[in-house]
1. Can you tell me how many residues in region 55-91 are at negative phi and in contact with a Leu (Cβ under 7 Å, 6 or more places away or on another chain)?
2. Would you point out which residue out of 36, 40 is within 14 Å of the chain's Cα centre (by Cα) and part of a strand (DSSP E or B)?
3. Return the residues of region 214-260 that are within 30 Å of residue 85 (Cβ to Cβ), polar (S, T, N, Q), touching an Asp or Glu at 6+ places or on another chain (Cβ under 9 Å) and surrounded by 15 or more Cβ atoms within 10 Å (Cβ to Cβ); say none if nothing qualifies.
4. Residue check: is residue 182 loosely packed, with under 14 Cβ neighbours inside 10 Å, within 25 Å of residue 227 (Cβ to Cβ) and out of contact with any Asp or Glu (no Cβ under 6 Å at 6 or more places or on another chain)?
5. Given (1) surrounded by 13 or more Cβ atoms within 10 Å (Cβ to Cβ); (2) outside any helix (DSSP H, G or I); (3) not aliphatic (A, V, I, L, M), where does residue 163 come up short, assuming only one miss?
6. Hey, among the residues in region 179-204 that are outside any strand (DSSP E or B) and either small (Gly, Ala, Ser) or modelled with pLDDT of 95 or more (or both), which one's farthest from the chain's Cα centre (by Cα)?
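The values are calculated or read from the model by the stated rules, or taken from the named source; none is laboratory data. None of these values were measured; they are calculated from a predicted model. Cβ sites come from the backbone with ideal geometry, for glycine too, and all protein chains shown count toward neighbours.
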Amino acid sequence: MRRATFVTGIIALLALPLGALADGHEGDEQPPLSDVWIIVPKAGMEAEFNAAIEKHVAFRKEQGESRDWNGFRVVIGDNLRPVMFRHCCFNWADQDSYIAEESLEAIGADYQENVFPYVDHAHHYFEETDRENSYWPEGDATGGPYYWVTTLKWNADTGPGPGEAREKISQLALEHGWGEAGNNWLWVTRVGGAPMVMIVGASSDFAGMADPDPDFYTFMTEKMGSSDELDELFAQYRAGMKSVNSSLWRRDESISTPED
């Protein structure tokens, strides 16, 4: 299974500078939300932070917290310092039950005392998974441990057209078998902060990250018999975007609470 080579096709056509996650896609009954924390250690204190966060994750396990957290570290990207923690999947109402858990008071106190002194800043978001327009089959590849995350910042003034084009491109990719050809992709919309959508792809190793042959554009053009519709959709899609940025994350078991 390749990484989200669907992403490669999108970025190439745009010509712009440049959560483990849920299994399944269309018809999946899993709740749509993920809880995401991005924590940046203070410069020069990464070693102290790493030791503290590993102990804190172990403490969370001991406390019997109901949520599993997957921890990720940046392998390739603009900034290698952030650490990301993700819990998937839940509904809005589940958050009320979670924040009422008795163990969270002790967990929060442990974080403040032992981890926070080494933290420069942190971000907290929810993310909503669009499984209807994703291809994320069960299997080792979509279990990582490597995840390409391409973040697309949106221009809110362009209306619904670019989003509709994104969905149409995704449905065409599903209809014509781009996923079955060995590719995976997962669309995720950030809740909180600046408007943005992310496309995530997974790979079990670096070999699986090589560009596909044929590439997305060639594959789709051959399947559709013409590039006219695809070109028009990409032009509409690109009109809604301000910037694109990609990074590669690796799941780190030492800062993850699930057993695997």
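1. Initially, region 55-91 is screened for residues at negative phi, giving 55-63, 65-76, 78-91.
Retained after the next criterion (residues that are in contact with a Leu (Cβ under 7 Å, 6 or more places away or on another chain)): 74-76, 88-91.
Selection size over region 55-91: 7.
2. Numbers: 40 fails: within 14 Å of the chain's Cα centre (by Cα).
That would be 36, the only listed residue that is within 14 Å of the chain's Cα centre (by Cα) and part of a strand (DSSP E or B).
3. To start, the set of residues in region 214-260 that are within 30 Å of residue 85 (Cβ to Cβ) comprises 240-260.
Remaining after also requiring polar (S, T, N, Q): 243, 245-247, 254, 256-257.
Keeping just the survivors that are touching an Asp or Glu at 6+ places or on another chain (Cβ under 9 Å) gives 245, 247, 254, 256-257.
Within region 214-260, 245, 247, 256, 257 qualify.
4. Values: loosely packed, with under 14 Cβ neighbours inside 10 Å: yes; within 25 Å of residue 227 (Cβ to Cβ): yes; out of contact with any Asp or Glu (no Cβ under 6 Å at 6 or more places or on another chain): yes.
Judged against the criteria, residue 182 is a match.
5. (2)
6. Step one: of region 179-204, the residues outside any strand (DSSP E or B) are 179-184, 192-195, 204.
From the residues that got through so far, the ones that are either small (Gly, Ala, Ser) or modelled with pLDDT of 95 or more (or both) too are 179, 181-182, 192-194, 204.
Values: 179: 18, 181: 22, 182: 19, 192: 15, 193: 16, 194: 16, 204: 15 Å.
Ranking the candidates gives 181 first.
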